[in-house]
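Everything on this sheet refers to the single structure shown next.
The values are calculated or read from the model by the stated rules, or taken from the named source; none is laboratory data. The structure displayed is predicted, hence computed values, not measured ones. Heads up, the Cβs are rebuilt from the backbone with ideal geometry, glycines too, and the neighbour counts pull from every protein chain shown.
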Amino acid sequence: MAAAQECGDPVGVTPAPRTPGSALPRLEGRTVVVSGASSGIGAAAARRFAAAGATVVPLGRDPQRTGALAAELGVEPVLADFTRLADVRRAAAEVLERCERIDVLANNAGGTFPQRVTTEDGHEKTFQVNHLATFLLTALLRERVEATPGARVITTSSRANSFGSVDLDDLDTSSGRYRSFKVYGTTKLENVLFTRELSRRLGGSATASCFHPGVVGTAFGADSPLFRVLYSPPLSRVLTITAEEGAAPLLALATRPDPETVDGAYLDRFAPGRPNRQADDVALARGLWERSAEMVGVPA
Ligand SMILES: NC(=O)c1ccc[n+]([C@@H]2O[C@H](COP(=O)([O-])OP(=O)(O)OC[C@H]3O[C@@H](n4cnc5c(N)ncnc54)[C@H](OP(=O)(O)O)[C@@H]3O)[C@@H](O)[C@H]2O)c1
């Protein structure tokens, strides 16, 4: 419970700058939970939040990388492999034990996987890591988020959502050929649908937004031959921005003074984005929510 006492009163914020090097508003008394904090965008964001005075809860899979980042920030890591829903439940319990408030839940963990793999929970891995585990984590932390004035749920989606196609009867891509980029795009579209439905269900008690970070030079796609080419020198020098630049839209969403103006929104970095047409399908968003709730055993 010691860490819960670190969570103090909220402070006023001023608009976040858009460039990675410039100062954030002070965030003392705020608690920020970041998934995928062991690497890339999540690690860069966690460092910036901590430097601005926030209490950061770094949630990661890899014990070494997550532990090193946590040690750098002077906090304890929370470990969870999103391919195991039991891990997500344990991690959520740990977060609730440690923090009395959650000002920002940054749902950032994600990846793309070249082969179709089934998790021990029986789901296609990309769907579980990028959508279902995030859905469960958010469901388990939701009450604490809603109890925190001005809280925000921010999910790292991708412009790849345009290539996705959600089929409520085949969320685990059990039929047809497994095409990793299409499946990845579908899960990133699910991030947008999840954000819109969450926003509707929160009804203003907290806000929900998602964003495309840019093409960011991180460990993203390290297992994929295609992404390895795109994300390694020399192509990466012209195609990608830094993890710090990729984290900038997340920092901006977390600290902007008018989060209600982006409630339910998908941003392409800092500007309103144009997601896949399916993102506007309210019934699809509700269906995805209900099926996800059923899959992870939480009330819809
Ligand atoms: N890089 C881009 O160009 C780009 C573009 C659009 C969207 N995005 C999105 O940005 C987010 C962050 O990616 P990144 O670019 O920063 O790549 P990254 O450096 O590979 O970071 C991905 C994070 O997700 C975590 N993760 C992966 N599989 C996991 C699992 N099974 N359980 C728990 N955590 C897991 C990783 O943990 P480990 O350290 O243990 O692997 C890592 O912390 C992702 O959601 C990605 O889809 C990235």
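Things worth noting here:
- Condition broken by Ser165, with the remaining ones in (1) more than 13 Å from the ligand (Cβ to nearest atom); (2) small (Gly, Ala, Ser); (3) assigned to a helix (DSSP H, G or I) satisfied: (3)
- Residue within segment 233-253 that is touching a residue at least 12 places away in the same chain (Cβ under 8 Å) and within 19 Å of Ser205 (Cα to Cα) present: yes
Per-residue answers, yes or no, for (1) small (Gly, Ala, Ser); (2) more than 25 Å from Ala222 (Cβ to Cβ); (3) not in a loop (DSSP other than H, G, I, E, B):
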residue	(1), (2), (3)
Ala91	yes, no, yes
Ile102	no, yes, no
Gly122	yes, yes, no
Leu140	no, yes, yes
Gly150	yes, yes, no
Val153	no, yes, yes
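- Restricting segment 94-135 to residues that are among the polar types (S, T, N, Q) and more than 10 Å from the ligand (Cβ to nearest atom), the residue that is nearest to Gly60 (Cα to Cα): Thr118
- Whichever residue in segment 73-89 is under 18 Å from the mean Cα position of the chain (by Cα) and either assigned to a loop (DSSP other than H, G, I, E, B) or not aliphatic (A, V, I, L, M) (or both) and, among such residues, is farthest from the ligand (Cβ to nearest atom): Arg89
- Against the conditions (1) in contact with a Leu (Cβ under 6 Å, 6 or more places away or on another chain); (2) surrounded by 20 or more Cβ atoms within 10 Å (Cβ to Cβ), Ala248 satisfies every one except (1).
- Meets criteria (in contact with a strand residue (DSSP E or B) (Cβ under 9 Å, 6 or more places away or on another chain) and at pLDDT 95 or above) for Asp263: yes
- Single match in Ala283, Ala252 (criterion: of a type in the set (Gly, Ala, Ser) and within 17 Å of Thr155 (Cβ to Cβ)): Ala252
- Test for Arg152: is it basic (Lys, Arg), more than 9 Å from the ligand (Cβ to nearest atom) and surrounded by 21 or more Cβ atoms within 10 Å (Cβ to Cβ): yes
- Flag for Leu250 being within 10 Å of the ligand (Cβ to nearest atom), touching a helix residue (DSSP H, G or I) at 6+ places or on another chain (Cβ under 7 Å) and part of a helix (DSSP H, G or I): yes
- Residue within segment 26-44 that is touching a Phe, Trp or Tyr at 6+ places or on another chain (Cβ under 7 Å), more than 10 Å from the ligand (Cβ to nearest atom), part of a loop (DSSP other than H, G, I, E, B) and not charged (D, E, K, R) present: yes
- Residues that are hydroxyl-bearing (Ser, Thr, Tyr) and surrounded by fewer than 23 Cβ atoms within 10 Å (Cβ to Cβ) within segment 97-137 comprise Thr118, Thr119, listed in sequence order.
- Segment 215-231 residues that are without any contact (Cβ under 8 Å) to a residue 40 or more places away in the chain and under 18 Å from Val129 (Cα atoms), paired with ones that are of a type outside the set (S, T, N, Q) and crowded, with 19+ Cβ neighbours inside 10 Å (beta carbon under 9 Å, 6 or more apart): Ala222/Gly111; Ala222/Tyr231
- Flag if Asp62 is within 8 Å of the ligand (Cβ to nearest atom), out of contact with any strand residue (DSSP E or B) (no Cβ under 9 Å at 6 or more places or on another chain), farther than 17 Å from Ala247 by Cα and among the acidic types (Asp, Glu): no
- In this structure, Pro213 qualifies as within 14 Å of the ligand (Cβ to nearest atom) and under 22 Å from Ala44 (Cα atoms).
- Selection within segment 185-210 - part of a helix (DSSP H, G or I) and within 16 Å of the ligand (Cβ to nearest atom): Gly185, Thr186, Thr187, Lys188, Leu189, Glu190, Asn191, Val192, Leu193, Phe194, Thr195
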